[in-house]
Amino acid sequence: MGWAALTGLLLAGMTAATPPSAVPVRGGNALTLPAHRHIVRVSRSEGSVLLAAVQQGGQDGHGLRLFRSDNGGSSWKQEGIIHDGSTYDRADLVAVGKDVALVYAVETPDSQGISGSTSRDVYFQWWRYSASKNHWLPDRPVRVFDSTSSSTAYYRAELARDSKGRFWVQAFLREKDASNTLVISVSSDGGSTFRTQSALARDIPKRGGGRLISLGSRLMMLWSSHDGRDTTHYRIRDDSAAVSSWSSTRTAFSDGIYHGAAMSAVADGKGGLHLVYKDNSERLLYRRFDGNAFGSPVKVLEDGDWASQPALVRMGSSLYLFYNQPRSDGTGYRLWVRALSSSGKPGAGKELASVSGFAGYPAAPDVLPSGVPLMCFFGIEPSSGSSDRLSFFSINASSLKSRSVAAKQALAGDEDDARFAASGGSGFEPPQDPGALASAATSPAQQAMAAGCGGGSAMLAVGVTFFLMERGRRRRTRLLPG
């Protein structure tokens with residue numbers, strides 16, 4: 001493929017392109033914890049809606065708020081206030097029909113630690129859909145766990161709904177002696193009241209983290225900690241058993257999970273679990289729980305760092321992973337989406353953007369129906385050009401499947417042609433959201449600059465210029481094994 005044809009293809013794909021939509025935030029870690037479900041997709045007869053709980057961190061005086069998109073992520077608007085009283089609270093969401101249930105609790109930077117406070121409680125809340133108003137409206141928050149001392153704190157709360165319709169809320173409790181306890185509570189009346197159960201784990205030496213998740217007819221709690229030497233544990237229960245009935249603590253695998261929460265887990269729809277996590281060596285690994293035990297690790301990303309994080313999506317039986325990878329020049333991050341095989345082996349992938357500055361903490365719906373675009377938020381702190389924000393990326397899953405074929409066909413041709421085909425090229429099926437193609441060609445900082453300088457025309461000019469400038473660097477890009 002010559003330069004004229006290549007540039008023509010780029011122009012054709014970018015003429016109607018717009019930069020990824022953004023939500024302004026104070027920092028790129030607005031979507032911690034990685035283990036949380038920050039975004040859900042709600043189906044309605046009028047069309048699906050995306051809802052995302054975002055901690056704006058004090059940006060424009062805003063805290064934890066709910067945002068919505070009615071057009072697949074092309075634009076976002078505020079739906080309502082979850083909790084503006086704290087710039088540290090984060091939420092975990094579960095869609096129930098057209099309604100959304102959530103819990104929220106504090107999460108602080110690792111350097112700050114978890115300090116005690118009587119205000120560091122855990123709350124459950126319904127957001128009910130009103131068809132007449134076309135809005136999700138909040139019910140009164142229900143306090144699940146109450147910190148009654150300035151020396152204690154509940155943090156990192158998560159929510160799951162079992163096959164009996166009960167809500168389970170998990171959190172970690174910082175005790176007065178600075179040890180940590182894994183607590184659990186259950187509601188059998190739709191979240192109106194909660195009953196605290198026996199703790200699932202005690203004497204966790206460092207801050208804990210994990211994932212509470214429904215596997216269909218069973219519930220699993222998987223956890224590790226900030227210890228750096230801790231193994232990963234889990235407990236499991238049958239939905240048909242008494243609410244107090246949990247298995248004994250079991251070892252999931254010998255390696256720990258980075259900070260206990262650098263993970264993304266999704267039920268496989270067959271009673272098992274897919275898990276991608278960062279170990280304490282800062283590698284991204286895949287493991288599958290087959291209903292009885294966790295399998296051997298499969299390397300997804302070897303050269304990660306402290307900021308590399310995963311966001312796993314299941315579409316039918318297919319798996320896809322969004323993640324961030326440090327750039328080889330040490331000045332920023334590359335954002336990726338990649339297909340995973342049924343055994344977790346990395347397959348065809350696409351680089352969504354290369355960002356100068358910080359880019360990480362991806363958040364995606366854990367399960368999507370077949371035929372809709374894959375979608376993900378990333379937190380962006382560009383080194384220059386625009387303010388911190390969340391950028392949204394969307395891409396068709398079919399483009400990942402078709403690209404591996406295109407790459408093989410191009411191997412006999414010019415090296416430049418082969419690299420372009422592997423990134424999309426003439427074998428690329430454009431995503432439904434045209435902004436995804438623009439995001440693959442330019443960094444979010446440059447996209448924001450283009451948006452402020454004349455929209456589509458400036459976006460086109462910046463995209464073409466950036467593509468030509470980055471040609472040499474991209475030729476040297478090392479992809480994971482396909």
Qualifying residues in the range 373-385 (those that are modelled with pLDDT under 95 and part of a loop (DSSP other than H, G, I, E, B)) - the one least open to solvent (accessible area, probe 1.4 Å): Gly385
Extreme residue, farthest from Ser386 (Cα to Cα), among residues of the range 34-55 that are crowded, with 24+ Cβ neighbours inside 10 Å and in contact with a Gly (Cβ under 7 Å, 6 or more places away or on another chain): Ala35
Residues that are surrounded by fewer than 20 Cβ atoms within 10 Å (Cβ to Cβ) and not polar (S, T, N, Q), drawn from the range 68-81: Arg68, Asp70, Lys77, Gly80, Ile81
When residues of the range 247-266 are limited to those that are touching a residue at least 60 places away in the same chain (Cβ under 8 Å) and part of a strand (DSSP E or B), the one surrounded by the fewest Cβ atoms within 10 Å (Cβ to Cβ): Val266
Residue count for the range 227-236, restricted to those that are assigned to a loop (DSSP other than H, G, I, E, B) and surrounded by 12 or more Cβ atoms within 10 Å (Cβ to Cβ): 3
Condition broken by Asp239, with the remaining ones in (1) more than 26 Å from the chain's Cα centre (by Cα); (2) open to solvent by 10 Å² or more (accessible area, probe 1.4 Å) satisfied: (2)
Residue match in the range 210-220 (condition: farther than 29 Å from Gly379 by Cβ, open to solvent by 40 Å² or more (accessible area, probe 1.4 Å) and not in a loop (DSSP other than H, G, I, E, B)): yes
Filtered residue count, the range 349-373, keeping only those that are within 15 Å of Val40 (Cβ to Cβ) and more than 12 Å from the chain's Cα centre (by Cα): 3
Residue satisfying condition, being buried (at least 19 other Cβ atoms within 10 Å of the Cβ), within 19 Å of Val183 (Cα to Cα) and among the hydroxyl-bearing types (Ser, Thr, Tyr), within set Ser244, Ser224: Ser224
Residue in the range 142-159 that is over 26 Å from Gln78 (Cβ atoms), at pLDDT 95 or above and of a type in the set (A, V, I, L, M, F, W, C) present: yes
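The values are calculated or read from the model by the stated rules, or taken from the named source; none is laboratory data. Not measured: the values here are computed from a predicted model. Virtual Cβ from ideal backbone geometry, glycine too; neighbours counted across all protein chains shown. Just so you know, the surface numbers come from the protein's heavy atoms only, side chains and all, with ligands and any DNA or RNA stripped out. Shrake-Rupley method; radii C 1.70, N 1.55, O 1.52, S 1.80 Å.
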